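Below: one structure, written as structure tokens.
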Amino acid sequence: MFRKARIRFTALTAGLIILMFALFVGGAVFATARLIVAQQLQSLDHQAQALSHDAAGSLIFGIPFTPRDELTSASYVVWNSSGATVTSHGVNLTPLSSRLEQGLSGTTSQGNITLAGRPYLYEVVPLSHDTTVIGALGIATSQADISDAEREGLTTVIIAGMALVLASIAVAWYLAGRAMAPIEESFRRQQQFTSEASHELRTPLTIIDSGLQVLGRHPDQTLSANADVLDSMRLEIRRLQRLVEDLLTLARSDSGTLSLNRETIDADHLIQETYSDFAVSTPSPPYAFAPCTTHVGSVYLDSDRLRQLLIILIDNAVTHNPDGVHIHLTAARTPQSLDIVVEDDGIGIPQEQIGKVFERFHRVGVARHARGTGLGLPIAKLIVEAHGGSIQLRPKAQGLAVHVSLPITRPPADDSSRQ
């Protein structure tokens, strides 16, 4: 699919380049040819005027026509008022006699003519004494050199055009590849996202279906007799709900509709409450939650997104570590930001994996076998960036510290007046 699109893009780009080149070269050649012809006609007219002065004197006084040396490079012919040839020089200009009548009538004519099988520019001018036409002068100059130069130029242009075609195809293929790369990557990630999401959705649904089958085989048993099955199903339903919420958050982010509902909140209460609720709901042992340290006060942030961010960071420390890990959360306020640090003394993350953990569904090491979905940190990054903040993972000698910095913005005047 992408190869065909790249070929079409290449053909279109190369075609446009060739068309622009053809128009440019064609225009340049046409303009140059017109300019050269105009210069030649101007030079021919200058020579004709100079020769006509000497030729008129020759006819008036009946003396031989002897033009100046610098004017003998052109071919010429002099006719008297009867149309008889008085003198000629250079190539045979007999074909010009068809223009003689115009010259004897006092009209100057110019144009192209073929003499001895070669192209020439000609001019026929009347020869006058006072107001009487006493003869005519015909002059011609060869265009053979210009025609040869045009042929050579055309050959050069054709060769250059062929080279341009090859170069344009190569450039267009490269540009098409560069243009298609993000599209291919986006398509690849979409396919991966769809595959991973389908897998993650299938797992809890399979467990729930298995639990329902167990309950269906023993309809006479009480709920307490199937407490383990129900607990497992309840856990998978919660996991499924959370996965759906995560997918919805990512979908909103991809469509540009991940909005924030900022409000003035007591950050210390929200952080400690979220941390305590998580600590209470998580078995201890195996996990030990150190007392939460906060010195923040009121901030203007999205409380729901902040709570979601805290849950992700704490759950990430729990889910991706073995039993016995110690978890500690601290939050502090600076003049510009709210800084949150969630750290643990678990297995940590290899340095080479730091840049990959924010990719969707990416899991590291033992985390690949954990019950996480690989969506937590990508969503955490989206929430932080939506607030205009930053998130960093900093490996420790033992464990990992996640540092989050959220800029503190001032609430609107009407909002702060109600507090």
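Since every read-out is calculated from the coordinates, none of them should be taken as a lab result. As the structure is a computational prediction, the values presented were derived from the model and not from experiment. Reconstructed Cβ throughout: ideal geometry from the backbone, glycine too, with neighbour counts over all protein chains shown.
Here is how the numbers come out for the structure above:
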| read-out | value |
| --- | --- |
| Residue among L115, L121, L93, L51 that alone is surrounded by 18 or more Cβ atoms within 10 Å (Cβ to Cβ) and over 18 Å from A144 (Cα atoms) | L51 |
| Those residues of the stretch 226-238 which are surrounded by fewer than 12 Cβ atoms within 10 Å (Cβ to Cβ) and not acidic (D, E), in sequence order | A227, R238 |
| The stretch 61-90, residues that are part of a helix (DSSP H, G or I) and surrounded by 15 or more Cβ atoms within 10 Å (Cβ to Cβ) | L71 |
| Where a residue in the stretch 311-326 is under 14 Å from L377 (Cβ atoms) and its partner, wherever it lies, is part of a loop (DSSP other than H, G, I, E, B) and hydrophobic (A, V, I, L, M, F, W, C), with Cβ under 6 Å and at least six apart | T319/A370; H320/A370 |
| I207 in contact with an Asp or Glu (Cβ under 6 Å, 6 or more places away or on another chain) and assigned to a helix (DSSP H, G or I) | yes |
